[in-house]
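Visitor: Dropping the structure in here first, questions after.
What follows is calculated from the coordinates using simple rules that are stated; it is not laboratory data. It should be emphasised that the depicted structure is a prediction, and the values quoted were computed from it without experimental measurement. FYI the Cβ positions are ideal-geometry reconstructions off the backbone, even for glycines, and counts take in every protein chain you see.
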Amino acid sequence: MPSFAATILSHTSTGNRSSNRSDPASGPSSYYCMYNDQILSLTGSIIYLSALPALALAARMTHKHGRKPTMWGIAVLLVAGAALGAAADNLAAVFASRALMGMAMGCSFQAPTMLLCEVLPRQSRGMGMYCYNIALSLGFLLAGLFNMLLHDPAWGWRASVALLAAPGVALAALLPSISESPQVLLQHGKEDAAAQLLERIRPAGSDTSGELLQMRAAAGRAASAGKTAQRLQSLVTHHKPE
């Protein structure tokens with residue numbers, strides 16, 4: 001956005017590089033890279049650079065603390081990243097904002113998907129994962145549309161970044177009504193709570209006792225595995241969709 005470049009570049013050492021802006025009259029390629037500035041371009045890449053280590057960290061957090069605490073972390077990271085980005089007046093703040101949102105994105109590929117696979121019945125897990133991926137795609141589409149609508153106003157880029165807090169706020173509002181995974185309850189020795197949860201979330205007449213036995217076996221294999229990857233593989237083997 002022009003307003004973003006005018007605000008951020010004018011307050012940083014890269015402001016002098018704005019003279020490196022390509023001339024639109026030079027051809028279509030100039031629109032692809034309007035600013036010949038690698039540091040400025042890093043503001044987009046830093047999301048993915050921070051998402052990768054966050055994904056690895058989320059794997060440990062979901063196993064040790066559960067799915068819901070990790071999802072609370074996602075909500076906090078989204079809101080904090082959006083607030084910091086909307087108030088940013090230099091590239092350092094933009095980098096920090098993008099890093100926080102990248103961490104939230106990395107964690108979102110771990111905890112929510114595991115919770116879905118562990119809560120949904122086996123025959124519904126494939127559809128549940130498809131719906132989750134569709135929801136992510138719709139979120140990306142809406143973000144792009146709002147970014148286009150807010151392109152021209154001077155305050156548009158701040159509003160566009162602030163709107164990224166909406167998923168975090170929605171997640172925080174929904175989490176109190178979402179149950180923890182029965183698999184996590186079993187891993188922490190709460191078998192009665194896991195059995196009650198299965199009876200509540202499964203259709204009437206379902207064989208929850210048989211499923212509980214399978215989950216107990218999966219939890220035992222995960223506890224005896226020596227590495228995080230082996231523990232996750234043990235759980236995924238049980239919770240794979242049909």
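Visitor: I want to check the label-to-label distance for A143 and A204. Put each point 7 Å from Cα in the C-beta direction and report it in nm to one decimal.
Guide: Here the answer is 4.3 nm between the modelled labels.
Visitor: DSSP loop chymotrypsin sites (Phe, Trp or Tyr not before Pro) in the stretch 108-175 with at most 16 other Cβ atoms within 10 Å of their Cβ, which ones?
Guide: When the chymotrypsin sites (Phe, Trp or Tyr not before Pro) of the stretch 108-175 are filtered for loop state and at most 16 Cβ neighbours within 10 Å, F109, W155 remain.
Visitor: Using r as the Cβ-Cβ distance of D152 and L52, and R0 as 51 Å, what FRET efficiency do you calculate, to the nearest 0.05?
Guide: 0.90
Visitor: For the stretch 79-190, give the magnitude of the charge dipole about the Cα centre (Cβ charges: +1 Lys/Arg, -1 Asp/Glu; no others), in debye to the nearest 20.
Guide: Charge dipole, the stretch 79-190, about its Cα centre: 240 debye, nearest 20.
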